[in-house]
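Report on the structure given below.
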Amino acid sequence: MFNSLSERLQDTFDKLRGKGKLTEADINVAMREIRMALLEADVNFRVVKDFVASCKEKCLTAEVLDSLTPAQNVVRIVLDQLTELLGTTESKLVLAQNRTPNVIMLVGLQGSGKTTAAAKLAYLLKGQGHSPLLAACDTHRPAAADQLATLGAEIGVPVYRGDGKDAVKVASESIHEAVDHLNDIVIVDTAGRLQIDEEMMQEAVAIKQAVRPDQILMVVDAMTGQDIVNVVQTFAERVDFDGVIMSKLDGDARGGGALSVRAVTGKPIKFVSMGEKPDSLEVFHPDRMAKRILGMGDVYGIIEQA
Amino acid sequence: MGFFDRLKSGLSRSREAINEIFYMGGEVDEDFWEDLEDTLVMGDMGGELAMRVTDDLREQAARENLNRADQLRDALAKRLAQEFRTADRDPFEDVPSCVLFVGINGAGKTTTVGKLAGRARGEGKSCLIGGADTFRAAAIEQLEVWGTRAGVDVITRERGADPASVCYDVVEEAEKRGTQLVLIDTAGRLHTSSDLMRELAKVVNVTRKRCTSMPVTVVLVIDATTGQNGLAQAKEFNDALDLDGLIVTKLDGTAKGGIALAISDQLGLPIYRIGVGESIDDLETFDALDFCRALVGEGK
Ligand SMILES: Nc1nc2c(ncn2[C@@H]2O[C@H](COP(=O)(O)OP(=O)(O)OP(=O)(O)O)[C@@H](O)[C@H]2O)c(=O)[nH]1
Ligand SMILES: Nc1nc2c(ncn2[C@@H]2O[C@H](COP(=O)(O)OP(=O)(O)OP(=O)(O)O)[C@@H](O)[C@H]2O)c(=O)[nH]1
Ligand SMILES: [Mg+2]
Ligand SMILES: [Mg+2]
């Protein structure tokens with residue numbers, strides 16, 4: 001089951017074994033390998049440092065040092081720690097029972113996958129018997145509303161476009177539209193924005209105030225590198241999102257950003273997005289993500305198919 | 001176990017510290033080298049390249065007796081700048097020219113085409129846009145808005161049409177009109193999707209074959225926020241298409257774009273332009289030294 005990292009650790013320990021019992025210095029050598037693997041997976045370097053330090057403590061036990069299979073033990077400890085930090089349970093959408101319509105708002109950087117994710121969520125909820133409405137509140141990107149309208153038409157979900165100029169106005173109107181047409185969930189697509197763009201961050205806050213979302217989900221590209229911590233930290237402070245959708249995991253990115261997001265904001269990853277089609281949204285499994293980050297099973301979801 | 005809390009306070013501290021490592025006028029000690037390596041890793045250069053560059057600089061410091069941090073800042077930026085290949089030819093200046101834009105989903109291809117078309121018109125060049133993304137929802141509408149903004153015609157076909165035939169059409173039209181600059185937008189795709197990569201190779205080959213009147217350049221568009229996966233992307237696209245160069249987008253954020261350095265270093269590809277915003281004017285020429293100064297924390 002374990003490859004690459006565990007093989008590397010195996011080699012390391014085999015060499016060290018020659019001189020008898022493992023020592024703290026030997027564990028340090030193993031921790032260097034783990035540090036490298038995490039950095040290659042785009043886990044933020046500061047997160048890596050703290051994570052490796054806390055793993056090391058757990059590895060410096062007689063159980064590991066005296067064991068005949070130290071590599072497996074170390075990998076097991078790292079994997080367990082990682083899984084725990086990613087969130088021990090699967091997280092689902094939390095919607096209010098006594099409010100109609102429920103509102104889900106999507107935020108994130110440019111090109112992260114918000115509009116596609118809005119359609120995917122609508123598709124998922126429709127399949128569960130809901131009657132969603134998509135609100136086209138990206139009034140900045142050229143043809144953003146056309147994109148959402150096309151996706152809505154493909155999955156048979158209505159799209160409210162309003163005047164296409166004032167995002168906050170379109171957002172509040174979409175709630176009335178939903179009430180009038182008996183839609184029980186409104187999914188609000190918003191423009192992509194940089195966390196340092198003050199005006200755009202204020203717009204996101206204004207949309208939030210206008211629609212009072214039950215859930216704000218931040219869409220994060222699985223290929224994002226070290227900067228992810230600055231991005232999610234600011235979004236957490238300003239719009240205080242509830243959870244994350246990690247997009248583009250159908251590629252071979254290790255998606256170490258998932259760990260950084262959890263570590264700096266404490267917000268759970270709720271869904272992973274695995275393609276451009278509306279049915280490619282999946283529930284997040286921390287254990288699989290942990291394996292993926294460590295390079296121990298490249299294809300997310302491979303276990304479910306097996 | 002307090003892990004998150006420790007980390008959160010650690011993060012803000014370290015961010016400040018890293019920006020300051022070169023300014024403290026501090027001594028160059030072990031901490032300095034460690035901080036330096038962290039800075040480079042934090043800029044997405046990748047662990048290996050960061051280590052190699054740090055080791056090189058360490059040697060240089062010993063050799064040239066540089067023992068103050070500020071002396072090393074410039075040495076480092078220059079050292080990094082050397083990793084970049086320079087372009088033999090600027091495909092947007094040296095016309096007539098036909099350029100294809102490729103890359104993963106959402107990288108900024110369509111926007112970059114729009115900006116370059118606007119720039120070309122501003123310089124009085126004739127320009128034509130090919131809309132070969134016939135896949136994504138409203139990709140054509142998006143490109144048409146850009147065409148209107150730039151004052152440039154867009155040649156395309158309906159959604160679902162063969163993208164290679166769009167390239168054929170646009171080259172034919174450009175030759176008829178005597179157009180100087182042809183910019184072709186393609187659909188975003190992950191480098192791991194072999195079907196879509198094959199389709200793209202066909203698009204590029206058709207264009208190269210059909211377009212005999214001017215050189216064809218293939219540009220990979222990379223989002224500056226991309227982490228280590230950028231290397232895998234660039235390798236796959238290069239293997240499939242034989243790339244000519246890169247454009248790095250979204251450098252107006254706080255991402256340093258160090259992955260561009262790693263790619264340029266590994267694949268020997270020049271960077272033609274950088275994207276610094278969503279408006280038509282938000283495109284700049286690439287300056288390796290400026291880029292590297294920003295990468296090592298001198299600000300932009
Ligand atoms: N392969 C893959 N592509 C995706 C996924 N999610 C989104 N995309 C693609 O990524 C690109 C950007 O997606 P959008 O939904 O337009 O992103 P956005 O965040 O709405 O972008 P802006 O509105 O410009 O900020 C499109 O080409 C999508 O088809 C995914 O999970 N896998
Ligand atoms: N801040 C910033 N945003 C940019 C830049 N370049 C592009 N964008 C934004 O990024 C998002 C995606 O840009 P597109 O040009 O649609 O990307 P694409 O590569 O054509 O995407 P697909 O066709 O879906 O693969 C849009 O919201 C753009 O406005 C840039 O330099 N800076
Ligand atoms: Mg969008
Ligand atoms: Mg595009």
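Among the residues making up region A:249-297, those that are without any contact (Cβ under 8 Å) to a residue 24 or more places away in the chain and out of contact with any strand residue (DSSP E or B) (no Cβ under 8 Å at 6 or more places or on another chain) are A:266, A:277, A:288. Applying the selection to region A:183-224, what residues are assigned to a loop (DSSP other than H, G, I, E, B), within 16 Å of ligand 2 (Cβ to nearest atom) and of a type outside the set (D, E, K, R)? The answer is A:191, A:192, A:194, A:195, A:196, A:222, A:223.
Out of B:177, B:210, B:136, B:198, which single residue is within 22 Å of the chain's Cα centre (by Cα) and either away from every other protein chain (no Cβ under 14 Å) or touching a residue at least 40 places away in the same chain (Cβ under 8 Å) (or both)? None of the others qualify; the one that does is B:136.
Output yes when any residue across region B:17-26 is crowded, with 17+ Cβ neighbours inside 10 Å and either assigned to a helix (DSSP H, G or I) or modelled with pLDDT of 85 or more (or both), and no when none is. Yes: region B:17-26 contains one or more residues that are crowded, with 17+ Cβ neighbours inside 10 Å and either assigned to a helix (DSSP H, G or I) or modelled with pLDDT of 85 or more (or both). Yes or no: residue B:149 over 24 Å from residue B:237 (Cβ atoms) and either in contact (Cβ under 8 Å) with a residue 24 or more places away in the chain or among the acidic types (Asp, Glu) (or both)? The answer is yes for residue B:149. Please verify whether region B:237-255 includes one or more residues that are part of a helix (DSSP H, G or I), surrounded by 24 or more Cβ atoms within 10 Å (Cβ to Cβ) and under 12 Å from the mean Cα position of the chain (by Cα). Checking region B:237-255: not a single residue is part of a helix (DSSP H, G or I), surrounded by 24 or more Cβ atoms within 10 Å (Cβ to Cβ) and under 12 Å from the mean Cα position of the chain (by Cα). What do you reckon, is residue B:227 within 16 Å of ligand 3 (Cβ to nearest atom) and touching a residue at least 24 places away in the same chain (Cβ under 8 Å)? Here the answer is no, as residue B:227 does not meet what is asked.
Among the residues of region A:103-138, the ones that are in a loop (DSSP other than H, G, I, E, B) and within 13 Å of ligand 1 (Cβ to nearest atom) come to 6 in all. The one condition from (1) touching a strand residue (DSSP E or B) at 6+ places or on another chain (Cβ under 7 Å); (2) within 14 Å of chain B (Cβ to nearest Cβ); (3) closer than 20 Å to residue B:192 by Cβ that residue A:189 does not meet is (3).
Of the helices (runs of 4 or more DSSP H) entirely within region A:38-96, those holding at least 1 residues that are surrounded by 19 or more Cβ atoms within 10 Å (Cβ to Cβ) and out of contact with any Pro (no Cβ under 6 Å at 6 or more places or on another chain) occupy A:45-59, A:70-86. Is it fair to say residue A:301 is on the phi > 0 side of the Ramachandran plot, modelled with pLDDT of 90 or more and within 16 Å of ligand 1 (Cβ to nearest atom)? No. Checking every residue in region A:119-139 against the condition of being closer than 30 Å to residue A:161 by Cβ, more than 14 Å from chain B (Cβ to nearest Cβ) and within 16 Å of ligand 2 (Cβ to nearest atom) gives at least one match.
When region B:27-49 is filtered for residues that are more than 9 Å from chain A (Cβ to nearest Cβ) and either assigned to a loop (DSSP other than H, G, I, E, B) or crowded, with 23+ Cβ neighbours inside 10 Å (or both), the ones remaining, listed by number, are B:28, B:29, B:36, B:39, B:40, B:45. Every condition in (1) of a type in the set (D, E, K, R); (2) surrounded by 22 or more Cβ atoms within 10 Å (Cβ to Cβ); (3) over 26 Å from residue B:44 (Cα atoms) holds for residue B:202 except the one numbered (2). Of all residues in region B:256-281, those satisfying the criterion of being within 16 Å of ligand 4 (Cβ to nearest atom) and buried (at least 19 other Cβ atoms within 10 Å of the Cβ) are B:275, B:278.
From the list B:155, B:129, the lone residue that is at pLDDT 95 or above, buried (at least 19 other Cβ atoms within 10 Å of the Cβ), within 20 Å of residue B:210 (Cα to Cα) and out of contact with any Phe, Trp or Tyr (no Cβ under 9 Å at 6 or more places or on another chain) is B:155.
So that you can scan it fast, the table gives a plain yes or no per residue for (1) within 13 Å of ligand 1 (Cβ to nearest atom); (2) touching a strand residue (DSSP E or B) at 6+ places or on another chain (Cβ under 6 Å); (3) outside any strand (DSSP E or B):
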{"position": "A:140", "(1), (2), (3)": "yes, no, yes"}
{"position": "A:150", "(1), (2), (3)": "yes, no, yes"}
{"position": "A:153", "(1), (2), (3)": "no, no, yes"}
{"position": "A:157", "(1), (2), (3)": "no, yes, yes"}
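The values are calculated or read from the model by the stated rules, or taken from the named source; none is laboratory data. A quick note: this is a predicted structure, and the numbers were derived from the prediction, not measured. Neighbour counts run over all protein chains shown; Cβ positions are idealised from the backbone, glycine included.
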